[in-house]
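Only one structure is covered here, and it is reproduced in the block below.
The values are calculated or read from the model by the stated rules, or taken from the named source; none is laboratory data. The model shown is predicted, which means the values in this text are computed figures rather than measured ones. As a convention, Cβ positions derive from the backbone with ideal geometry for all residues, glycine included, and neighbour counts pool all protein chains shown.
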Amino acid sequence: MRLAPRGEFAEKSYYLIAECYLEQKKAYSAVATLLKLQNAKLPEMDEQYFYYRLGYAYELSDKPIDAITAYRKGYEQDPYSQVAYQIEDRILELKSSKPSIDISFLYPYSPLQVTIVQEEQPDTLKTSVTTDSKSSSSSTAKQIEVKQDTPVKLKEKPKEGYWLQAGRFSVESNANRLVINIRLLNIPAAYYEDVSGGKKSWVVVCGSFPDRAKAEEAKELLATNNINSFITAY
């Protein structure tokens, strides 16, 4: 870092030092290191991950207000990313020990506006997705043909076909809400329950699609609506 304070590995070096301090139970030093990283104003820094680690360092420093402030800044960068899922877990953990902390920003909608669709109520969706063609030879729209009926909540993880994974949540209503938002884009979406390492989560997927090209088109449409996703084939 002394030789190249703004070099290619500067950001990773700050995180490595901060993590070492956390391992040594020196949370205040970790906070100081991360604040130095922030002041360095490195180009293309991953701000969401930065606020996630800063919030955790503040949390271990017993500064819950500073922690929740950092977590919120990180979460609001992209509420549907995998880092946001990790931030949400930390926020809920912090809330369990500090009940007075306000975490209403996680759930801006009234519970009455969110309907959990049970398995015995298989709301289905038959649709096609319209996207703008990127072909230079044509400006007309093309259709993504989706022939599969998709229940809102799947009984199990998909076993075949091309799918998009658009989020993983520790709160089921969040997964349900994202599914509703994606369906408003005329993209078939659903979620399923996953248990890993003794922890339960709900995974939002879109599909299935007949081939990778169709999945890519839907992925681009999601991206234009600020929903990140990645293609997975089962």
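Every condition in (1) modelled with pLDDT under 90; (2) buried (at least 19 other Cβ atoms within 10 Å of the Cβ); (3) charged (D, E, K, R) is met by ASP149 except one, and the failing one is (2).
Just to be sure before I move on: is ASN226 in contact with an Asp or Glu (Cβ under 9 Å, 6 or more places away or on another chain) and assigned to a helix (DSSP H, G or I) in the structure I sent? No; evaluated as a whole, the condition is false for this residue. Put simply, of ALA218, ALA166 the only residue that is under 20 Å from GLN86 (Cβ atoms), small (Gly, Ala, Ser), out of contact with any Lys or Arg (no Cβ under 8 Å at 6 or more places or on another chain) and in contact (Cβ under 8 Å) with a residue 40 or more places away in the chain is ALA166. For region 171-218, the candidate set comprises residues that are in contact with a Pro (Cβ under 8 Å, 6 or more places away or on another chain) and among the hydroxyl-bearing types (Ser, Thr, Tyr); within that set, the residue that is nearest to SER229 (Cα to Cα) is SER208. Consider ALA189 carefully, then state whether it is under 19 Å from GLY161 (Cα atoms), in contact (Cβ under 8 Å) with a residue 12 or more places away in the chain and within 16 Å of the chain's Cα centre (by Cα). Yes: the conditions hold for ALA189.
Conditions tested, residue by residue: (1) surrounded by 12 or more Cβ atoms within 10 Å (Cβ to Cβ); (2) under 30 Å from LEU60 (Cβ atoms); (3) at pLDDT below 75.
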residue: LYS73; (1), (2), (3): yes, yes, no
residue: SER104; (1), (2), (3): no, yes, no
residue: LEU125; (1), (2), (3): yes, no, yes
residue: ASP132; (1), (2), (3): yes, no, yes
residue: LYS142; (1), (2), (3): yes, no, yes
residue: VAL171; (1), (2), (3): yes, yes, no
residue: ALA175; (1), (2), (3): yes, yes, no
residue: VAL179; (1), (2), (3): yes, no, no
